[in-house]
Amino acid sequence: MEIEDVEIENQKEFMKKVSKKTNNKKYFILTMGCQLNENDSEKLSGMLEKMGYSETKDVRQANLAILNTCCVRENAEERLFGKVGELKVLKEKNDLIIAIGGCMMQEKHIQEKLKKSYPYVDIIFGTHTLHKFPEDLCRVLETREKIKDVIDINGTVYENIPIKRSNKISGSVTIMYGCNNFCTYCIVPYVRGRERSRKPKDIIKECEDLAKQGYKEIVLLGQNVNSYLKSEMEEIKQGKRIDENGDYSQIDSFAKLLKAINMIDGIERIRFISPHPKDFTDDVIEAISSCEKVCKFIHLPLQSGSTRMLKIMNRKYTKEQYLDLVDKIRNKIPSVKFSTDIIVGFAEESEEDFKETLDVVQKVGFEQVYMFIYSRRVGTPGDKMKNQVPDDVKHERFDRLKELVENKIADSNKEYIGTIQKVLVEGISKNNESMLTGRTDSNKVVVFDADKSLINSVIDLKIVEDHMWYFKGERIN
Ligand code: SAH
Ligand code: SF4
Ligand code: F3S
């Protein structure tokens with residue numbers, strides 16, 4: 001048994017201990033941040049349900065409140081401290097246990113602020129100690145002491161943590177943790193540690209289990225999914241790691257992982273976020289092209305269209321390389337669509353640089369663009385750069401980018417009208433209970449009138465109306 005497995009067995013003992021103390025107890029969990037954090041929260045929920053807790057959406061009913069935090073942009077801090085303040089009242093009234101975890105807890109200045117201004121918080125846990133939550137909770141229940149369980153390491157991979165999934169149609173599967181890229185604006189590598197990939201067999205097993213449970217879609221998650229197993233392969237090459245059990249003999253890359261998941265019966269769609277343009281090798285393009293279940297839809301983060309800015313950002317590609325990559329993928333996979341992430345107003349960004357970003361948006365024609373105003377993060381090189389862009393300029397550029405993005409989306413939406421799209425039916429529409437909602441291969445929302453029994457199946461729909469952020473569809477048979 002590997003040391004990580006021993007640790008998880010150990011945690012199971014704590015789960016048993018806690019379950020003896022819990023009688024009808026409820027937990028509330030609020031997740032901020034990206035899908036990796038959502039997936040972590042699903043594991044926290046899984047552990048808690050094993051410990052006899054059940055979930056409540058109403059924090060006033062809860063015995064335990066968990067906030068799973070993000071720190072990629074600034075506004076998250078204000079939001080968190082606001083929430084922690086609100087919880088104090090409930091703590092006094094209901095003897096609520098308050099636990100705060102996730103990326104922001106890896107930041108020293110946040111730990112200090114919590115200790116000083118919010119001493120009533122019971123558990124502070126980081127991204128590397130999530131699996132130890134049963135132990136932390138057990139200690140609080142037994143001793144009522146305040147616990148800080150945060151370690152600053154490069155990370156370890158733990159398997160077999162119980163999971164309670166929040167989505168019944170689409171299953172998230174984290175394939176790797178951490179990031180090695182150190183883009184100069186980004187805090188993630190500091191709070192999530194270095195890249196480490198899960199073993200192929202563990203990922204395949206999780207996907208097979210999802211298929212058995214009836215899941216139709218799998219979303220593979222990681223900060224840089226197409227560098228899956230890269231560090232491990234490098235270590236094997238250098239003799240620093242031995243593949244004793246042949247774990248990597250069949251699957252040693254992201255492309256091969258896609259191919260293996262594509263073979264799993266029952267799964268109909270495979271998505272992945274996010275790949276990095278610098279690691280988008282030909283084998284990945286070939287795998288997307290040849291695997292019929294892999295959506296022909298790629299989220300390809302651009303960040304800036306200016307080669308000068310990309311260098312300052314440490315992105316390791318130029319504007320031309322990005323555009324060439326898009327062309328190359330389009331040549332191999334003519335139906336492919338793209339979405340992207342863009343940061344506006346990073347330090348040093350001039351009007352000319354910004355125009356290069358507009359130019360790439362104009363040329364590529366993304367289906368969706370996630371736009372962010374640059375937010376300074378303590379401890380990153382970007383925060384120390386001299387020529388920060390004034391707020392009013394950032395906002396003015398953001399508005400111009402938004403206008404172009406919306407015009408381009410309106411154009412590309414027109415092309416959908418009258419086409420037949422394969423749609424995975426996800427459930428009842430939130431805005432109209434008599435309608436169903438689903439997504440196309442290219443992740444566009446389609447709302448349509450059909451029988452509920454179709455939920456969790458893939459059907460053909462004709463796109464008849466364009467409402468900008470969703471389409472109206474009609475059944476064709
Ligand atoms: N690993 C992924 C995404 C990381 S975070 C990638 O490399 O694309 C998601 C997005 O948040 C990033 O793509 C980036 O556009 C944005 N982001 C990261 N740091 C930011 C910052 N300091 N200010 C504003 N946006 C930021
Ligand atoms: Fe952040 Fe860059 Fe890593 Fe993405 S690739 S998580 S933007 S450092
Ligand atoms: Fe935020 Fe952490 Fe994700 S910082 S974006 S929750 S990896």
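The values are calculated or read from the model by the stated rules, or taken from the named source; none is laboratory data. This is a predicted model, so every value here is computed, not measured. Every residue, glycine among them, receives a Cβ derived from its backbone with ideal geometry; neighbour counts consider all protein chains shown. Please note that ligands, DNA and RNA were not included when accessible areas were found on the heavy atoms of the full protein model with its side chains. Shrake-Rupley method; radii C 1.70, N 1.55, O 1.52, S 1.80 Å.
What are the trypsin sites (Lys or Arg not before Pro) within region 322-431 that DSSP puts in a loop, where the Cβ has at most 14 other Cβ atoms within 10 Å? Present the calculation step by step, with values, prior to reporting the outcome.
Numbers: sites: LYS328, ARG330, LYS332, LYS337, LYS355, LYS363, ARG376, ARG377, LYS384, LYS386, LYS394, ARG397, ARG400, LYS402, LYS408, LYS414, LYS422, LYS430; in loops: ARG376, ARG377, LYS386, LYS430.
Filter output for region 322-431: LYS386, LYS430.
Given points 7 Å out from each Cα along the Cα-Cβ axis, report the GLU465 to ASN75 separation in nanometres with one decimal.
Rounded to a tenth, the inter-label distance reads 3.0 nm.
For GLU13 and GLU268, calculate 0.36 nm times their separation in residues minus their Cα-Cα distance, and state this gained length in nm to one decimal. Don't skip to the end; give the middle numbers.
Numbers: separation 255, 0.36 × 255 = 91.80 nm, distance 3.76 nm.
Net length gain for the segment: 88.0 nm.
Rounded to the nearest 10 Å², what accessible area does HIS128 show when all protein chains are kept and the probe is 1.4 Å?
20
Rounded to the nearest whole Å³, what is the per residue volume of the convex hull around the Cα atoms of region 372-435? Intermediate results must be reported in sequence, preceding the final value.
Details: hull volume 12.8 nm³, N = 64.
Per-residue hull volume (Cα only) is 200 Å³.
Just from the alpha-carbon atoms, what are the Rg and Dmax of region 299-414 in angstroms?
Taking only Cα atoms of region 299-414, I get Rg and Dmax of 14.3, 45 Å.
What's the Kirkwood radius of region 420-475 in Å, using all Cα pairs? If you can, show how the numbers build up before the last one.
Details: mean 1/r = 0.0935 Å⁻¹.
In region 420-475 this quantity evaluates to 10.7 Å.
Throw me the Rg/Rh for region 167-295, computed over C-alpha atoms with Kirkwood Rh, two decimals.
0.97
Scale the Cα Rg of region 73-128 by the rule-of-thumb value 2.2 N^0.38 Å and send over the ratio, two decimals.
1.10
I need to check one value: relative contact order of region 1-128, counting alpha carbon pairs closer than 8 Å and at least 6 residues apart, in percent.
Answer for region 1-128 is 22 percent.
Averaging over all projection directions, find the projected area of the Cα convex hull of region 227-369 and quote it in nm² with one decimal place.
Mean projected area for region 227-369: 10.2 nm², to one decimal.
For MET313, tell me the accessible area in Å² from a 1.4 Å probe, rounded to the nearest 10.
Probe radius 1.4 Å; accessible area of MET313 about 0 Å².
When ligands, DNA and RNA are left out and all protein chains stay put, how many square angstrom of accessible area per residue does region 299-414 have with a 1.4 Å probe?
Details: 5270 Å² over 116 residues.
Heavy-atom accessible area per residue stands at 45 Å².
Along the Cα→Cβ direction, 7 angstrom out, place labels at LEU323 and LYS148. What is the inter-label distance in nm?
Modelled inter-label distance: 5.1 nm.
For GLU351 and ASP283, compute 0.36 nm times the residue count separating them, minus their Cα-Cα distance, and round to one decimal in nm.
Net length gain for the segment: 20.8 nm.
Round to a whole angstrom and tell me the spacing of the C-alpha centers of region 271-307 and region 183-222.
For region 271-307 versus region 183-222, the Cα centre distance is 16 Å.
Please compute the Kirkwood hydrodynamic radius over region 257-304, one decimal place, Å, based on all pairs of different Cα atoms.
Kirkwood radius, region 257-304: 11.5 Å.
Give me the percent of the accessible area of region 3-149 that comes from carbon and sulfur atoms, probe 1.4 Å, all protein chains in place.
Solvent-exposed carbon and sulfur of region 3-149 make up 47 percent of the total.
For labels at LYS240 and ASP451 in the simple 7 Å Cα→Cβ model, what's the distance in nm?
Label at LYS240, label at ASP451, 5.9 nm between them.
Gap in Å between the Cα centre of region 323-383 and the Cα centre of region 79-126?
Using only Cα atoms to place each centre, the spacing works out to 35 Å.
Let me see the P(r) profile for region 254-333: every Cα-Cα distance counted, bins of 10 Å, each bin given as a percent of all pairs.
That works out to 18, 47, 25, 9, 1, in percent per bin.
For region 3-149, what value does the Rg/Rh ratio take when both radii are computed over Cα atoms and Rh is the Kirkwood radius, given to two decimals?
Reported Rg/Rh (Cα atoms, Kirkwood Rh): 0.94.
How compact is the chain by the rule of thumb for globular proteins, expressed as Cα Rg over 2.2 N^0.38 Å?
Ratio of Cα Rg to 2.2 N^0.38 Å: 1.01.
Determine the calculated [θ] at 222 nm for the chain from helices alone, applying -39500 (n - 2.57) to every DSSP H run no shorter than 4 residues and normalising by the residue count; nearest 500 deg cm²/dmol. Spell out each step's value before the answer.
On the way: 15 runs with 182 residues, N = 477.
The per-residue figure over the chain is -12000 deg cm²/dmol.
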